[in-house]
Amino acid sequence: MTSKVVEESFRSSFKVIDKDLLRWFPGHMGRGLKQMQQKLRSVDCIIEVHDARIPISGRNTDFQYTVSGIKPHILVLNKMDLISRKFINPVKDVLRKQYKNIIFTNCKNQKCDGVRRIFPLAQELINKSDRYNRANEADYNIMIIGVPNVGKSSLVNALRVKHLGKGNASHVGAAPGITRSVLNKIKMCENPLFYMLDTPGILAPNVGNIEAGLKLALCATIEDHLVGEKIITDYLLYWLNKHQHFEYVSYFKLEKPNDNILEVLSHISKMYNKTLKIRDHLNQYVIKPDLDLAAKIMLRAFRDGSLGKIMLDEDVLR
């Protein structure tokens with residue numbers, strides 16, 4: 001099957017859904033943002049963490065104005081193990097218009113060079129900056145900010161292990177929104193004395209466009225149930241086919257690429273033996289595929305990298 005034939009059989013666009021589903025800005029996010037702003041006077045440097053798979057569409061651009069201000073700023077693009085390295089320089093070229101200091105990391109890897117570079121860079125930037133009301137303070141404070149579920153707490157723990165020999169000061173969870181408030185100081189280093197403030201994930205109050213929202217959902221920065229797993233996987237299938245990423249075909253043992261999400265999910269449910277026993281209109285039990293569980297399996301495969309190294313913003317970088 002040629003790529004041309006494959007392309008012609010796929011959807012050329014993704015039908016939009018109710019935009020209200022993508023406006024996820026719960027009360028704790030609003031409170032968290034206010035807490036972060038109140039803590040700014042005691043902060044020397046901002047570390048902003050984002051998902052490397054959505055470096056453009058996944059950012060809360062409001063942070064530059066509502067939180068960072070004139071403080072030294074480092075942009076950390078985490079989960080770099082889930083993208084191809086060929087995208088690193090193009091991403092930097094686009095983002096350098098806004099950010100001077102960009103570091104790619106994989107916080108799950110204790111030997112990650114990016115994690116190793118963060119602390120020395122923060123020291124350098126702070127020493128070159130005007131600390132204003134903190135000029136006479138002996139300790140240094142770094143605030144970790146970012147949208148939900150991008151690895152902020154993992155970064156806090158990785159930096160503690162690297163520079164203090166201790167970890168697990170901040171809870172790490174798979175669901176977005178685990179960190180609910182700005183925490184007390186977390187010690188990162190004894191000499192010089194450095195502390196970190198972990199913060200709740202903050203999304204922009206309104207997602208700019210529907211595809212940006214769906215990319216956020218794919219990377220689990222929006223809770224799955226708010227959009228719906230089947231909708232998210234349908235967008236994933238559309239995106240994979242559009243960009244000719246066909247690893248899902250072999251991974252799920254499909255005969256060929258398929259643009260019908262119901263057929264793909266039915267196949268996955270059969271493959272994993274995920275079925276439902278329900279009564280039909282004759283009050284008789286019938287076995288049907290569990291499409292919801294199949295959607296969860298497909299999402300998990302994307303999120304752990306089983307469907308390949310995928311940069312969801314690759315078309316934005318061209």
When every residue in the stretch 227-257 that is of a type in the set (S, T, N, Q) and surrounded by fewer than 19 Cβ atoms within 10 Å (Cβ to Cβ) is compared, the one farthest from ILE310 (Cα to Cα) is SER250
- Would you call LYS39 modelled with pLDDT of 65 or more, outside the structural domain of LYS242 (by TED's automatic domain parsing) and under 30 Å from ARG131 (Cβ atoms)? yes
Picked from the stretch 52-84 (must be charged (D, E, K, R) and modelled with pLDDT under 95), the residue surrounded by the fewest Cβ atoms within 10 Å (Cβ to Cβ) is ASP62
Could you tell me whether ASN260 is at positive phi, surrounded by fewer than 13 Cβ atoms within 10 Å (Cβ to Cβ) and at pLDDT 85 or above? no
When the stretch 100-114 is checked residue by residue, the ones that are among the charged types (D, E, K, R) and touching a helix residue (DSSP H, G or I) at 6+ places or on another chain (Cβ under 8 Å) are LYS108
Given (1) modelled with pLDDT under 95; (2) farther than 18 Å from MET188 by Cα, PHE87 misses just (1)
Per the filter on the stretch 113-149, residues farther than 24 Å from LYS79 by Cβ and outside any helix (DSSP H, G or I) are SER129, ASP130, ARG131, ALA135, ASN136, GLU137, ALA138, ASP139, TYR140, ASN141
Report whether or not ALA122 is farther than 30 Å from GLY308 by Cβ, modelled with pLDDT of 90 or more and over 21 Å from the mean Cα position of the chain (by Cα).
yes
Check the stretch 240-261 and report whether any residue there is free of Cβ contacts under 8 Å to residues at least 12 places away in the same chain, more than 21 Å from SER9 (Cα to Cα) and not aliphatic (A, V, I, L, M).
-> no
Determine if the stretch 167-174 includes at least one residue that is crowded, with 18+ Cβ neighbours inside 10 Å and modelled with pLDDT of 85 or more. no
Yes or no: the stretch 83-106 includes at least one residue that is in contact (Cβ under 8 Å) with a residue 60 or more places away in the chain and within 13 Å of the chain's Cα centre (by Cα). yes
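The values are calculated or read from the model by the stated rules, or taken from the named source; none is laboratory data. Worth saying up front: this structure is predicted, and the values here are computed from it rather than measured. Methodologically, a virtual Cβ is constructed for each residue, glycine included, from the backbone with ideal geometry; neighbour enumeration extends over all protein chains shown.
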